[in-house]
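One structure below.
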């Protein structure tokens, strides 16, 4: 699978390392808890450094400002024994590496998920980073050609990404991975940047409306007055209609 993904995503050969990393290396690089170390030992079959894209290997400019210092993008591939505690494993891998990581998790049945997490400079200590909440896709088979995931894989082909600097290339990957949620919602996703930007804005609205629906439903459960219950019911219906309308707009962008 590793070699197939390198070829499928057209990761430049001069950046490819594809070598195994000892699990213990992660223990020394990050302040992992005892339970996180146990997860690495029991749940992970192997960790591989697929690629290091730096200025020397790509000629992409370094990006640095008050918040970020992106001098390279690292591609990490993790073979799992099981997907138990998957969110904690994803978080532990991201916090173990100070550089922005494109994380590919692989299951025993050739399913993968992709994850990214921006790393901001610690305001009190510029030698350390603060890890944003990781995002990740659902599990999918990247070799299956008859699904919307072929669009996701095509958008992540390295030559299709933004090469302005290392922040822009990572942000590009980050947004395409975010678009996987659209596949779950409407069965497809946009493939150009302008439509992607608009679709993600709408997706944020959908998530906001859904949270409001959940809150209204909670309020409705605890309401004994029939009139108040009906009022909440109507508010829920209006919010649900807004969600439906927003999803239709996303479909039109795809």
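FYI, it's all coordinate maths here, none of it is from the lab. Fair warning: this is a prediction, and the values are worked out from it, not measured in the lab.
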Assuming a ≥ b ≥ c are the square roots of the Cα gyration tensor eigenvalues, decide whether the chain counts as rounded (a/c under 1.5), prolate (otherwise, with a/b larger than b/c) or oblate.
prolate
Once you have a ≥ b ≥ c as the square roots of the Cα gyration tensor eigenvalues for the stretch 108-254, tell me rounded if a/c is under 1.5, and otherwise prolate or oblate according to whether a/b is larger than b/c.
prolate
Classify the stretch 1-52 as rounded, prolate or oblate from the Cα gyration tensor: take a ≥ b ≥ c as the square roots of its eigenvalues, call it rounded if a/c is under 1.5, otherwise prolate when a/b beats b/c and oblate if not.
prolate
Let me see the pair-distance distribution of the stretch 193-253: every alpha carbon pair, 5 Å bin width, integer percents in order.
4, 19, 24, 17, 13, 9, 7, 5, 2, 1
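Ignoring everything except DSSP H segments at least 4 long, calculate the 222 nm mean residue ellipticity for the chain; use -39,500 (n - 2.57) per segment, divide by total residues, nearest 500.
Working: 10 runs with 123 residues, N = 254.
Value at 222 nm, helices only: -15000 deg cm²/dmol.
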Could you work out how far helix 86-96 tilts from the main Cα principal axis of the chain, as a 0 to 90 degree angle to the nearest 10?
50 degrees
Report relative contact order for the stretch 25-173 in percent, whole number only (criteria: Cα-Cα under 8 Å, sequence separation at least 6).
21 percent
At a threshold of 8 angstrom on Cα-Cα distance, excluding pairs fewer than six apart, so keeping six or more, what relative contact order does the stretch 85-124 reach in percent?
33 percent
Angle in degrees between helix 226-253 and the longest Cα principal axis of the chain, rounded to the nearest 10
40 degrees
Mean separation of Cα pairs under 8 Å and 6+ residues apart, divided by the residue count of the stretch 147-254: what relative contact order is that in percent?
29 percent
Taking Cα atoms, the helix 193-221 axis meets the longest principal axis of the chain at an angle in degrees (rounded to 10) of 50 degrees
